[in-house]
Ligand code: TEU
């Protein structure tokens, strides 16, 4: 079985992890300093978010030199020391590969914008103004406004699906692909163990760039129907596999919004897929109002049955064919305990339940930094305290230029903003949560005196030790790694129940996704007395009865006879 199927991945957003030089920004030495911590947790792989040279318009996802380390983060020697430190501990490293776009400070773009006949012009996507002037089409950017920016030097527009400082590369140009493949080999030859591929299903844009269909009142719709899974995407990814990936035994995980389970199989098929696994987005839309022109800033209550349906579809479709990645959080979304659990009274129990869910499904679990101590969303009172280009653009468009209500807009940012996940890692109860001796680049969540690593390590009942136990449990359970998923109690309003089965082992998982007691019949054969409780997030006394009661956010994992 491929090594990455048996692994748990830990995602590090280095800017917010640990600062060793007091400049308020996390750095590579900060990651190296915490490797023993990661080893105690028991993770197998680290996914490091971008550490490359970048003007940092979008948290380093705007890269101006793919082969250089951003000085704020350290040097290439620091990076090499980090890789060696990981490998010495048996931890593998995957790097972020951001090649849908570059920074506008990348030398290719600096050249490209000089003149229409510059040799690098065709590295990017340029169009003249529409007839009568204005943007070439109505495509919107992910971060608000048009996806086109006018460049006066040559009188044409360039395409940017993200910020205007992130021009999209033209993947139809073979020279672009050659450059990307060479750069990938360069990193792989340094000894890394794979890539997390940013926006990997946006590389191929359809010929003619047809207009997008707007929702009511929408000026610049996100043209996902055109730029997701475009016509030549698989051609390019197969080429990348043949030219680069086939020569290395690596983990590749593609970020793929707007992909169905059937397409997921195509991406990750064990025989002729192009990636090890993908991040699907269906469950990320659960709490959004899809009818709103800006769904990502909306909030609607989600129901267990919706989460169960989505999960069941993916678990079933990929079993024996492709491979899932399992995540509820990352640097782009709110904290999982605030979003899918209860970050108040039941913070600890619900954080453990969500962890149980992630580690008992088929696929490779991803733990985002801080989730292992139950870190929560933050609510800064002023827009000045926010750093994310996405949130700042929203505020500018709605309030500064749109005359909208500042409080409403801040509320949307509190609920959905990406900075929720980007506040500094909380190491201890000292100033700035022990993250830095300087001024942190973004404020620390004020709950750090209670929620921090030092406190978690000292408490045997903490979220941290529960994650450690789950990771260990999964490692020694073939059913939890590769067993078939079968849904039980499909209509239960509070409890998510399923089994994972191999010919030799069957595991039962019971999750009370609610803040109330839940009654349920013992859903498997025999009685609870015949089963072995492998792990639970609350103390359980022997329960001979066939009727179970789960307490708020209670999670149990049983080995069935
Ligand atoms: O994110 C892509 C991204 O924003 C997706 O969440 C997508 O826009 C959305 O789901 C569509 O509905 C990646 C990085 O993770 C993010 O931090 C970067 O800002 C972005 O790419 C640009 O590189």
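Some observations on this one:
- Between residue 185 and residue 447, the simple label model (points 7 Å from Cα in the Cβ direction) yields a spacing of 4.9 nm.
- Classification of region 191-241 by its C-alpha gyration tensor yields an oblate form. The axis ratio a/c (a ≥ b ≥ c) is 1.5 or more, and b/c is at least a/b.
- Folded to 0 to 90 degrees: helix 463-475 orientation relative to the chain principal axis, Cα: 90
- Its Cα gyration tensor gives the chain an equivalent ellipsoid; the semi-axes, largest first and in whole Å, are 39, 26, 25.
- With Cα atoms defining each centre, region 268-288 and region 93-158 are spaced 28 Å apart in the structure.
- Region 201-307 shape via C-alpha gyration tensor axes, a/c threshold 1.5: oblate
- Ratio of Rg to Rh over region 483-559 (Cα coordinates, Kirkwood Rh, two decimals): 0.93
- The protection proxy used here, the mean number of other Cβ atoms lying within 10 Å of each residue, ranks peptides 323-329, 216-222 as follows, highest first: 323-329, 216-222.
- Note on residue 559 and residue 472: the model spin-label points, each 7 Å out from Cα along the C-beta direction, lie 1.4 nm apart.
- Taking the fewest neighbouring Cβ atoms within 10 Å as the starting point, the ordered list for 199, 316, 436 is 316, 199, 436.
- Exposure proxy ranking for 260, 541, 204, based on other Cβ atoms within 10 angstrom of each Cβ and starting from the fewest, stands as 541, 260, 204.
- Computing FRET efficiency as 1/(1 + (r/R0)^6) for residue 75 and residue 173, where r is the C-beta to C-beta distance and R0 is 41 Å, gives about 0.80.
- Relative contact order, whole percent, for the chain stands at 13, derived from Cα pairs under 8 Å and 6 or more residues apart.
- Gap separating the Cα centres of region 37-87 and region 393-429, nearest whole Å: 26
- Cα gyration tensor shape for region 47-89, rounded if a/c is under 1.5, else prolate or oblate: prolate
- Length gained on full extension, residue 242 to residue 127, computed as 0.36 nm times the residue gap minus the Cα-Cα distance: 38.2 nm.
- Using alpha-carbon coordinates, inclination of helix 406-416 to the longest axis of the chain, degrees: 60
- Per-peptide packing, taken as the mean over residues of other Cβ atoms within 10 Å, places 331-340, 189-198 in the sequence 331-340, 189-198 from highest down.
- Every helix of 4 or more DSSP H residues in the chain counts as -39500 (n - 2.57), and over all residues that averages to -7500 deg cm²/dmol at 222 nm.
- Share, in percent, of DSSP beta bridges within the chain that are antiparallel, nearest 5: 60
- Rounded tilt (10° steps) of 174-189 against the dominant C-alpha axis of the chain: 40
Throughout, read-outs are computed from the coordinates displayed, never taken from laboratory work. All values derive from a computational prediction rather than experimental measurement. Cβ: placed from backbone, ideal geometry, glycine included. Neighbour counts: every protein chain shown.
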